[in-house]
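Some notes on the structure that comes next.
The values are calculated or read from the model by the stated rules, or taken from the named source; none is laboratory data. Everything numeric here is computed off the predicted structure, so don't read it as measured data. Neighbour counts run over all protein chains shown; Cβ positions are idealised from the backbone, glycine included. The protein model used for the area step is the full one, side chains on, heavy atoms only, and it has no ligands, DNA or RNA in it. Shrake-Rupley method; radii C 1.70, N 1.55, O 1.52, S 1.80 Å.
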Amino acid sequence: MRSRVNGRGGAAPWCIPLFALAVACGGGEGSEGSTTDDMGEDALVTYWQDVAPIFYARCVTCHQAGGIGPFALDDYAEAKLWAGASAAAVESRTMPPWLVTDDGSCGSFEGSRALAQEEIETIRAWADADAPEGQPRTDLTAPEVEVLKDAVTYETPSFVPEAEGTDVAAFDEYRCFRVDTGLTGDRFLTGYSVEPGVPEMIHHVLVVIVDPETPGAGGVKNKELIEALDAESPDRDGWPCFGAAGDGVQPRGIPVSWAPGQGISRLPEGTGYRISEDDWMIVQVHYNLTDDALAGVEDKTSVHVRYEDEVEREGHFFLPDDLLNSLATGDPVQLAPGEESVKYSFDFEPAQLLLASGAQTGELLGIFPHMHQYGRKQRVELIEGDAAPRCAADVQRWDFGWQLYYFYDEPLPLTLNSKLRITCDYDTRSATDPVLPGWGTNNEMCLAGVFVVPDP
């Protein structure tokens, strides 16, 4: 019983026009250009001969006529207007949107959007030379916007969110909706994308898989807990759910973790997440209403899921975050205000995931860094027993607007003695009071989602 998942490449993100300096979006292919011409190494760097090949390969999936980027980079006249901003964005590595360090020093990832240093220098040299055009060419082809093919679409109901107004969610509402999977047997999720109805208000979307018969809090079955939560607000769709699928509900897994900028996520080839016909699919949407103009606005968000009947290896998702979990202790961690750097660190041991599958070893195939507005850096280290830590993922310039699930080119081996050390670094200089962990955008998280595949 084996089948293979289609290969995956770099995914084009949702290029939200709010990011006016979003000069590069991943994905696409273009012809290679030269960085010099017959005049030698001091030749003038031009748009068509040197810069356009980079833009076509990296940027114009979104930044083309009719695209969802706020300006075009496959048109010389318009690209020239944005030359300085383009150079500044790639030099700061805020664009293309690829947050993890990807120079070989801390993991190697599929579909990298990171520009090579020489590409950055080429764009800067072109901008500094007043963006000369060069000789126009016709051999470059703008890539089509990537879509998730052969997907099943699930929709939340049309819903008007209301801010909770609490210390841990001042401008936010977390709402869960059950959707019918339509499955008639076990299938494997191998890819997904999310289409937010009102992108400006969607902080994140999770898909939580729940076995309705599994006991949750107090030994009460999940289905009874969910039915009770749903009954608390009969005049509104769904139910409040700060914790995954709701207070006390025990999830089986969270195979979809989406945040702005993510685009299409494809699980590594040959892997999938099992969903059975009896499972309940719960879509959790985090609505953020910081902008007063969003009050009373209705949203309907779509989740697109690609299934396979069979895969070679079954994987599992988990979202460890001890900073957020400290809320349940009655004495939550508080991040000191007014500091340029406040760090929080904890260890996560994946042994439980391995043992639940009857395995002694496995692999870490993916990582999903997540913080909120105070976040500045995150580092994940793999520690094997008493050995020195090995860098697994490193984010040096956190950007809340571009959150991706990163899958490894070379998976990291795991044993029952493995642990992941997750360290988050926050800049709290804008805060006058201690920053609490919480679900609100003005609170903080220290989350590193993981995709673990046990060995047979």
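Worth a mention:
- Which listed residue, of TRP82, TRP48, TRP98, is among the hydrophobic types (A, V, I, L, M, F, W, C) and under 23 Å from the mean Cα position of the chain (by Cα): TRP98
- Residues in the stretch 385-396 that are within 19 Å of GLN360 (Cα to Cα) and open to solvent by less than 70 Å² (accessible area, probe 1.4 Å): GLY385, ALA387.
- Screening HIS316 against (1) closer than 21 Å to ASN442 by Cβ; (2) under 21 Å from the mean Cα position of the chain (by Cα) leaves a single unmet condition, (1).
- Cβ-Cβ under 9 Å pairs, at least 6 apart or on other chains, the stretch 70-87 side in contact (Cβ under 8 Å) with a residue 60 or more places away in the chain and under 15 Å from TRP48 (Cβ atoms), far side open to solvent by 60 Å² or more (accessible area, probe 1.4 Å) and not hydrophobic (A, V, I, L, M, F, W, C): TYR76/GLU133; TYR76/PRO136
- Checking each residue in the stretch 412-440 for being open to solvent by 10 Å² or more (accessible area, probe 1.4 Å) and modelled with pLDDT under 95 picks out only TRP439.
- Any hit, the stretch 361-374, residues being modelled with pLDDT of 95 or more, more than 16 Å from the chain's Cα centre (by Cα) and surrounded by fewer than 19 Cβ atoms within 10 Å (Cβ to Cβ): yes
- Hey, VAL23 out of contact with any strand residue (DSSP E or B) (no Cβ under 9 Å at 6 or more places or on another chain), assigned to a loop (DSSP other than H, G, I, E, B) and modelled with pLDDT under 85 or not: yes
- If the condition is being part of a loop (DSSP other than H, G, I, E, B), hydrophobic (A, V, I, L, M, F, W, C), open to solvent by 20 Å² or more (accessible area, probe 1.4 Å) and within 25 Å of LYS300 (Cβ to Cβ), then the stretch 208-243 contributes only PHE242.
- Among the criteria (1) under 21 Å from VAL207 (Cβ atoms); (2) touching a helix residue (DSSP H, G or I) at 6+ places or on another chain (Cβ under 8 Å); (3) acidic (Asp, Glu); (4) open to solvent by 10 Å² or more (accessible area, probe 1.4 Å), the one GLU308 does not fulfil is (2).
Quick grid of which residues meet (1) open to solvent by less than 30 Å² (accessible area, probe 1.4 Å); (2) part of a loop (DSSP other than H, G, I, E, B); (3) farther than 30 Å from VAL285 by Cα; (4) among the hydrophobic types (A, V, I, L, M, F, W, C):
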| position | (1), (2), (3), (4) |
| --- | --- |
| ARG113 | yes, yes, no, no |
| GLU118 | no, no, yes, no |
| ARG124 | no, no, yes, no |
| ASP130 | no, yes, yes, no |
| GLN135 | no, yes, yes, no |
| THR141 | no, yes, yes, no |
| GLU144 | no, yes, no, no |
| PRO161 | yes, yes, no, no |
| ARG175 | yes, no, no, no |
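- Only one entry of PRO97, PRO157 meets the criterion of being part of a loop (DSSP other than H, G, I, E, B) and more than 23 Å from ARG266 (Cβ to Cβ), and that entry is PRO157.
- Remark: PRO268 matches the filter, which requires a residue to be touching a strand residue (DSSP E or B) at 6+ places or on another chain (Cβ under 8 Å) and closer than 18 Å to TYR406 by Cβ.
- Scanning the stretch 429-456 for residues that are under 22 Å from TYR287 (Cα atoms) and part of a loop (DSSP other than H, G, I, E, B) yields LEU436, GLY438, TRP439, GLY440, THR441, ASN442, ASN443, MET445, CYS446.
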